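Below: the structure, in structure tokens.
Every number in this text was worked out from the coordinates using simple rules, so none of it is lab data. Predicted model only: the values in this text are computed from it and were never measured. All Cβ positions, glycine included, derive from the backbone under ideal geometry; neighbour counts span all protein chains shown.
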Amino acid sequence: MKKNSNFQSKKNSGQKSKPAKARGPVQRDAKEVMAELVAKLSEGLGSKATAEKVTEGNRESALAPNRDRLTVGVDLGDQWSNYCILGLEGETLVEGQWRTTPEDVAEFFQALSGARVVLEVGTHSAWVQELVVSCGHEVLVANPRLMDGGGKKRRKRKNDRLDAKKLARIGRVDPQSLFPIRHRSKEVRQDLVVLRARDALVSVRTQLINTTRGLVKSMGTRLPKCSSPSFPQQVEEALPAELRESLLPLVRLAEALSDCIQVYDERIEKLGREKYAHTELLRQVKGVGPLTSLAYVLTLENPDRFAKSRDVGPYLGLVPQQEDSGDSQPQLRISKAGDVMLRRLLVGSAHYILGPFGPDTDLRRYGLRLCERGGKNATKRAAVAVARKLAVLLHRLWVSGEVYEPLRSAPPAAVTAQEAAA
């Protein structure tokens, strides 16, 4: 009877508190909590023997404090890098600098016994990591954006020497707080250079075209609308006579850049066809071409690094930032973490899917529903949302190798009616 009455009272209290938004902490018996804690500790001790069998994919979760080797913190600079070496008890053994060159890096770490080296991610961190690992050391590459709370909390006293010491101390005691990242392989980075070089040329061409149009507009005339590749042919004869001599070199330079971009496009098409054949799985989606598919494959490199396809959205910075505190849950912009070029390409593909030439797909229907809500920047929000779903979809196609179904979630009757109308 006591159990039934307690159950009934809990049920009634649960019904009364259902409309309330805030819930207080659940009161539990101290003995029950201690028994549960002892059981968890026993499980941890029992599984300690199998901890050495952790796979490479879970390497970050297997990081432990470094108490039996030296710990080296390195703050990489463009010309000079600061280092700090900690002993077995955490004492500072030596601090100093060396030039950020392969020769000096190799000379320094070859003379050092096996240690844990902590770097900060940056321009030089990829090749430095490869060189230090080849010298027989363990290397952790820290993510400063997550270490410092997104970079919003600045220290009052900051310099490269203190940064190196901070990296060494955190890497020795609590390596999880470094949020270590994993660099792409050298081969993938070399192929990514092709895409980034093309992206730089496109950016310069866009700037030249906009500058030419702006200078002509300032004189009271306008150039005809056209695409970027056809700009030199369409505009050369339309330049005002008084500005022709000044602006013709800009037009010719834009034409030369278009030729170079076309060469890069052919090279990217060849890379995707011969070296990364699985890009064909991603190109099943209308709006995803050879450039976007290759950029996606090279940026992610290994699809198995993500436990779920939905993890790709936050990795590419296509989800909102979060700064919740108590009852305050402000709506913020997307985090814009990850690769800028790939995020821009995915948003461009999303605009095509939502545009007049986009085919009828689940992605398009989802984006159009968001556009119908109206409000400020509804179309831009819809494009970003579609880009996030597109990133998740591409990962699923890559992992599963399935055939893409544009209207997978559509009811069969609606599809049949659509085909009959066609």
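Side notes on the structure shown:
- Listed values for region 290-302 are Karplus-derived 3J(HN,Hα) couplings in whole Hz (6.51 cos²θ - 1.76 cosθ + 1.60, θ = phi - 60°), namely x, 5, 5, 5, 5, 4, 5, 5, 6, 5, 6, 6, 10, and x replaces Gly and Pro.
- According to the calculation over all Cα-Cα pairs in region 60-178, the P(r) per 10 Å bin from zero is 14, 51, 32, 4 %.
- Using R0 = 56 Å, the C-beta based FRET efficiency linking Ser228 and Asp327 works out to 0.70.
- Given R0 = 45 Å, the distance between the Cβ atoms of Ser246 and Arg189 translates into a calculated FRET efficiency of 0.65.
- Region 267-307 - convex hull of alpha carbons, volume per residue in Å³: 70
- Label zone at Glu130 (point 7 Å along Cα-to-Cβ), backbone N below 20 Å, region 179-222: 181-198
- If R0 equals 35 Å, the separation of the Cβ atoms of Ser203 and Trp80 corresponds to a calculated FRET efficiency of about 0.70.
- The label-point distance for Arg99 and Asp362, in a model that sets each label 7 Å from Cα toward Cβ, rounds to 5.8 nm.
- Here is the list for region 170-242: trypsin sites (Lys or Arg not before Pro) lying in DSSP coil, each with at most 10 other C-beta atoms within 10 angstrom of its C-beta, are Arg222, Lys225.
- For region 187-274, Kirkwood radius (reciprocal of mean inverse C-alpha pair distance, Å): 14.2
- For region 150-237, Kirkwood radius (reciprocal of mean inverse C-alpha pair distance, Å): 18.5
- Listed by Cβ neighbour count within 10 Å, with the fewest neighbours leading, Cys226, Cys135 appear as Cys226, Cys135.
- Centre separation in Å (Cα based) which lies between region 323-377 and region 183-262: 28
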